[in-house]
1. For Gln261 and Glu84, what is the calculated FRET efficiency with R₀ set at 25 Å and r taken between the beta-carbons, to the nearest 0.05?
2. Give the order of Asp105, Asp186, Asp213 when sorted by the count of other beta carbons within 10 angstrom, beginning with the fewest.
3. So between Ala103 and Asp305, what do we pick up on full extension, going 0.36 nm a residue minus the alpha carbon distance?
4. To the nearest 20 Debye, how big is the dipole of the chain about its Cα centre, given +1 on the beta carbon of each Lys and Arg and -1 on that of each Asp and Glu?
5. Please arrange Asp61, Asp278 by how many other C-beta atoms lie within 10 Å of their C-beta, fewest to most.
6. Test of understanding: what is the full-extension gain from Ala18 to Thr296, defined as 0.36 nm times their sequence separation minus their Cα-Cα distance?
7. Around Ala208, under 15 Å between beta carbons, what's the net of Lys plus Arg minus Asp minus Glu among the other residues?
8. Can you sort Thr220, Thr188, Thr32, Thr51 by how many other beta carbons sit within 10 Å, fewest first?
Amino acid sequence: MKLGALAKRLECQMEGPADLEITGVAGMDEATEGEITFLANPKYLAKLGTTRAAAIIAAQDLDTLGKPVLRSADPYLTFARALEVFYPPQRPPVGIHPTAVIAPDAKLGRNSSIGPYVVIEEGVELGDDCVLKSFVVIYRGAKIGDRFLAHSHAVVRENVRIGNDVILQNGVVIGGDGFGFAPLADGTYYKIAQAGIVVIEDGVEIQANSCIDRAAVGETRLHRGVKVDNLVQVAHGCDIGENTLLCSQVGIAGSTKIGRQVILTGQVGVAGHLTIGDHVIATPQTGVPNDVRPHTTVSGSPAVDHELWLKSSAAYRRLPEMFAAYRKARGLLEKAGEKSSP
């Protein structure tokens, strides 16, 4: 594709030859001649002198050292759109594979693509333009909206409710039993029936091998636009607010309410029955034992304000020398006391 045509497609201002041929998209280090790259983070400015890319997607005021450029108010978003131009998603053909097992009363929408060995149980309703890859299982009574995409080995359990434009990556389990057991006098446990459901709203994506558990009563809900990374556990009865990000290996205990546009980064652990306010950020490996007020950043375990955690971490590294200085000062004081004694 010519650079000029790409600029029009991406709605960018072009600086450079309109007839420059662009063959693909790559990162600054990996790009070869003919490919376009992007620069969104100023710390990578030095790479402008070494990248072999034919053109750059960059901010309006960035000096690209004479390289052809597509000017964008949001270079990262434009880069994402450029990827879709050169590498459009591949949709499998419409139809039902002969090995699929589908209950007679299941309702499938228009243009369904049902892959090999898919199982769809009684009472399932599936919207239009849905794709179920091989070995996907949909349990009885599940209701799913339009443009649903489930990759191989994803499981949607009984009576789950899923909205439109939801993506489940490989191995996701929606609506598995919550971890509920009542202790008995003899030291064993009595399983508590998990009679609730899971509700997944529009535009949610859940990535590989993550689990969203059903509630014992009521519901577990992921609101519109939530994005869940690989290997995440959302326990029974949780409520995850709109456009929240749950990064890899996050674990959220039961009945926790998380606000809108929260970011829980890698390996954050959240105790149960808590409320985390809107726009909270928890840095990697934070342990959250208490409620967190909105618009704050927390770190450490137990979680504290991020600025306090930074100061505490700096002091922690100096503890050996601080303790040595303390012992030395204490020794001097003790000697001084002995000399002054009658």
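Any read-out appearing in this document is the output of simple, stated calculations on the displayed coordinates, not a laboratory observation. Since this is a predicted model, take the numbers as computed values, not measurements. Quick reminder, even Gly has a Cβ in these numbers, built from the backbone with ideal geometry, and neighbours come from all protein chains shown.
1. 0.55
2. Placing the least packed residue first, the sequence is Asp186, Asp105, Asp213.
3. Details: separation 202, 0.36 × 202 = 72.72 nm, distance 5.30 nm.
Extra length available between Ala103 and Asp305 comes to 67.4 nm.
4. On the way: 34 positive and 38 negative charges, 213 e Å.
Value, rounded to 20: 1020 debye.
5. Placing the least packed residue first, the sequence is Asp61, Asp278.
6. Net length gain for the segment: 95.5 nm.
7. Values: positive: Lys133, Lys227; negative: Glu205, Asp229.
Summing Lys/Arg as +1 and Asp/Glu as -1 gives 0.
8. Neighbour counts put them in this order, fewest first: Thr188, Thr32, Thr51, Thr220.
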